[in-house]
DNA sequence: GCTGGAACTGAAAATCTTTTTCACTAAGGC
DNA sequence: GCCTTAGTGAAAAAGATTTTCAGTTCCAGC
Ligand SMILES: [Mn+2]
Ligand SMILES: [Mn+2]
Ligand SMILES: [Zn+2]
Ligand SMILES: [Zn+2]
């Protein structure tokens with residue numbers, strides 16, 4: 001498993017390669033994202049980042065998220081109650097497993113049995129499928145255990 | 001296949017059962033949704049509905065969408081460029097097939113080979129999966145044909 | 001059919017979120 | 001270290017959604 005520091009370094013390099021500058025505000029935003037246990041909204045990112053760098057502007061958070069999204073190192077999470085929370089993205093195509101109780105998110109892949117199903121659907125409908133969005137919502141092991149306990153009393 | 005009128009009637013009944021009133025503004029919003037070829041934003045719904053009922057307030061569109069979403073007769077579509085377009089939902093659990101060119105959307109179901117895959121994932125991760133969001137994005141047959149034609153000259 | 005009262009409506013204002021503008025700052029190649 | 005230019009933060013603007021409120025309309029009960 002990759003350390004936080006290594007990923008920060010990696011993201012910084014990606015920004016530089018892309019012709020961008022690695023500034024202090026950007027570094028702080030990246031750190032907050034990398035340390036988060038759950039997806040965070042721009043507002044939440046700003047609040048947390050200001051604990052370390054109080055003069056940070058919310059505008060810069062938005063701009064940094066744009067950059068990171070372009071570089072595909074962060075991903076947006078879609079939920080019924082709002083779709084503007086961001087998560088570090090491991091490279092490549094991934095799906096998301098979300099805990100509805102604690103908010104924890106987990107990426108997974110290597111699961112493209114989905115591909116066979118998509119092929120079937122293409123044959124049946126005439127549609128050409130290019131990409132997909134798959135998110136599973138439920139309970140993480142920890143929250144599931146806690147809820148079962150609660151039921152007992 | 002169910003007619004538009006029949007579905008309007010059905011939605012109205014659902015509202016009444018739920019203790020709500022079937023008012024003229026609500027009926028107009030429902031009609032617009034039922035006639036749409038693509039998912040529509042609240043703003044778009046309002047514009048179209050005003051052609052028939054000019055005094056309609058945008059607020060009422062928001063409120064009506066809330067009601068219809070609660071009754072699960074409309075569904076929100078999630079896209080990278082925004083997640084606030086609404087679509088009539090056929091009852092039960094469904095997935096979405098979206099055309100990235102013309103915007104047309106198509107629900108599909110009866111496809112829960114996905115269930116087997118979810119069971120595997122639960123075993124592997126310890127997560128308990130309760131619901132999921134699956135949207136496939138690509139080209140509808142019509143748009144695919146047109147694009148291929150365009151390539152030729 | 002009327003009527004009374006609660007549900008619903010639209011305008012305006014308030015609130016939130018995101019984008020734009022602009023004068024100033026600081027990365028980082030030289 | 002210096003220079004250029006990308007990036008920054010404050011403020012304002014633009015957009016989206018929610019709240020408030022006085023007036024209207026639906027419809028259950030007569
Ligand atoms: Mn996939
Ligand atoms: Mn399904
Ligand atoms: Zn979404
Ligand atoms: Zn199409």
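Readers should treat all values here as calculations from the given coordinates under stated rules, not as data from a laboratory. If you're wondering where the values come from, they're calculated on a predicted model, not measured in any experiment. A quick note on method: Cβ atoms are made from the backbone with ideal geometry, for glycine too, and the neighbour counts reach across all protein chains shown.
Structure values in brief
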quantity: Copies compared at residue A:145 - label distances in nm, ascending, label defined 7 Å from Cα in the Cβ direction; calculated: 5.7
quantity: Relative contact order, percent, region B:92-153 [alpha-carbon distance under 8 Å, six or more residues apart]; calculated: 42 percent
quantity: Ordering of A:23-33, B:137-147 by packing [mean C-beta count within 10 Å, highest first]; calculated: A:23-33, B:137-147
quantity: Computed helical MRE - 222 nm, the protein assembly as shown, DSSP H runs ≥ 4 contributing -39500 (n - 2.57), nearest 500; calculated: -14500 deg cm²/dmol
quantity: Partner chain coverage, peptide A:116-129 - average Cβ within 10 angstrom; calculated: 5
quantity: Average Cα contact separation per residue, chain A, under 8 Å, 6 or more apart, as relative contact order %; calculated: 18 percent
quantity: Alpha-carbon centroid distance for the pair region B:66-141 / region B:15-56, whole angstrom; calculated: 23 Å
quantity: Acute angle (nearest 10 degrees) that the helix A:4-17 long axis makes with the longest principal axis of chain A, alpha-carbon atoms; calculated: 80 degrees
quantity: Per-copy distances of the residue B:21 label point, shortest first, in nm (7 angstrom along Cα→Cβ); calculated: 6.1
quantity: Length released on extending from residue B:76 to residue B:147, taking residue separation times 0.36 nm less the Cα-Cα span; calculated: 22.8 nm
quantity: Per-peptide average of other Cβ atoms within 10 Å, ordering A:94-107, B:34-47 highest first; calculated: A:94-107, B:34-47
quantity: Highest-fluctuation residue, A:90, A:125, A:64 considered, GNM on chain A with Cα pairs under 10 Å; calculated: A:125
quantity: Label spacing, shortest first and in nm, from residue A:109 to its equivalents in the remaining copies (7 angstrom along Cα→Cβ); calculated: 3.2
quantity: Shielding by other protein chains, A:97-105, mean Cβ within 10 Å; calculated: 2
quantity: Average other protein chain Cβ within 10 Å of Cβ, residues B:137-146; calculated: 4
